[in-house]
Amino acid sequence: MLVDSHCHLDFPDFAEELDAVVDRARQAGVGRMVTICTYLSRFDRILAVAERYDDVLCSLGVHPHQAAEEIAGVTVERLVALSKHPKVIGLGETGLDYFYDKSPRDVQQECFRRHIRASLETGLPLIVHTRDADDDTMRIIRDESAGQPVNGLLHCFSSGRQLAEDALDFGFYISLSGIVTFKKSEDLRAIVKDVPLDRILVETDAPYLAPVPFRGKRNEPSYVAHTAACVAEVKGVDAADMARISTENFFRLFPRAGTPRQAAA
């Protein structure tokens, strides 16, 4: 069994054939999909998708691109209250994006801090988006944790070795997308080679970043098998072992998701 730990099934790209997309994922051995929240104001749409399918879970949060637009409605209290729904297994995606800077950096940082505080209060893991903001990402996580355990992952990891090492030292997991399959991702694959097997998850970030051999096409959860196979090759393990290990890692990080045995039933 595989898990697509990060996709966006509520996006218009899937509106016309969502049932078929989910069915193809099942046929490819994907036992769980997590549809990720990027607008808190649109959480009802994400939740509707998760409630429609037994094998789809969801997150709750605000993407850094939307931080300026959404910050007024983002409070720790609201995050905590909405996260009580049993389909919600994590908080995010949240974090910092200094590459596009679609929201002012101070607003991104404040929004990120509120998610971390909600994570500390609920125990739900953080799903962290970070781009060109390595130092501030870890600084804010450390500041807000103040010595308390914060669980989470760096989603769609494509940053440098130092961030990977810092996140792993903090106890975070690394989630790998189709980027790891790209021809020019030699540096990323070199980092992945040194990431412990018990800290790796796989994802699609669908509809974006389709892995080879589908690069350039719309991504979907069934394609996570290709990413997992590439990671297996990099790590020097059997593809079936990589599927099992990454799935076990997912359920360890996200206990509200249940267990691998429950997902396979």
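At a glance:
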{"read-out": "Residues within the range 116-137 that are over 21 Å from VAL74 (Cα atoms) and buried (at least 19 other Cβ atoms within 10 Å of the Cβ), tallied", "value": "2"}
{"read-out": "ALA206 touching a strand residue (DSSP E or B) at 6+ places or on another chain (Cβ under 6 Å), within 14 Å of CYS156 (Cβ to Cβ) and buried (at least 18 other Cβ atoms within 10 Å of the Cβ)", "value": "yes"}
{"read-out": "When residues of the range 1-29 are limited to those that are part of a loop (DSSP other than H, G, I, E, B) and touching a residue at least 60 places away in the same chain (Cβ under 8 Å), the one most open to solvent (accessible area, probe 1.4 Å)", "value": "MET1"}
{"read-out": "Qualifying residue in the range 219-230 (condition: aromatic (Phe, Trp, Tyr) and open to solvent by 30 Å² or more (accessible area, probe 1.4 Å))", "value": "yes"}
{"read-out": "Options THR75, THR130, THR122: the member that is within 20 Å of THR35 (Cβ to Cβ) and of a type in the set (Ser, Thr, Tyr)", "value": "THR122"}
{"read-out": "The lone exception for SER185 - which of (1) surrounded by fewer than 24 Cβ atoms within 10 Å (Cβ to Cβ); (2) polar (S, T, N, Q); (3) under 18 Å from ILE245 (Cβ atoms) it fails", "value": "(3)"}
{"read-out": "Single residue of the range 43-96 satisfying the filter (part of a loop (DSSP other than H, G, I, E, B) and farther than 20 Å from CYS7 by Cα) that is farthest from the chain's Cα centre (by Cα)", "value": "THR75"}
{"read-out": "Condition met for GLY216 (under 24 Å from ARG252 (Cβ atoms) and not hydrophobic (A, V, I, L, M, F, W, C))", "value": "no"}
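The values are calculated or read from the model by the stated rules, or taken from the named source; none is laboratory data. The structure displayed is predicted, hence computed values, not measured ones. Glycine gets a Cβ as well: all are built from the backbone with ideal geometry, and neighbour counts include every protein chain shown. Quick note on the areas: whole protein, heavy atoms, side chains included, nothing else; ligands and nucleic acids left out. Shrake-Rupley method; radii C 1.70, N 1.55, O 1.52, S 1.80 Å.
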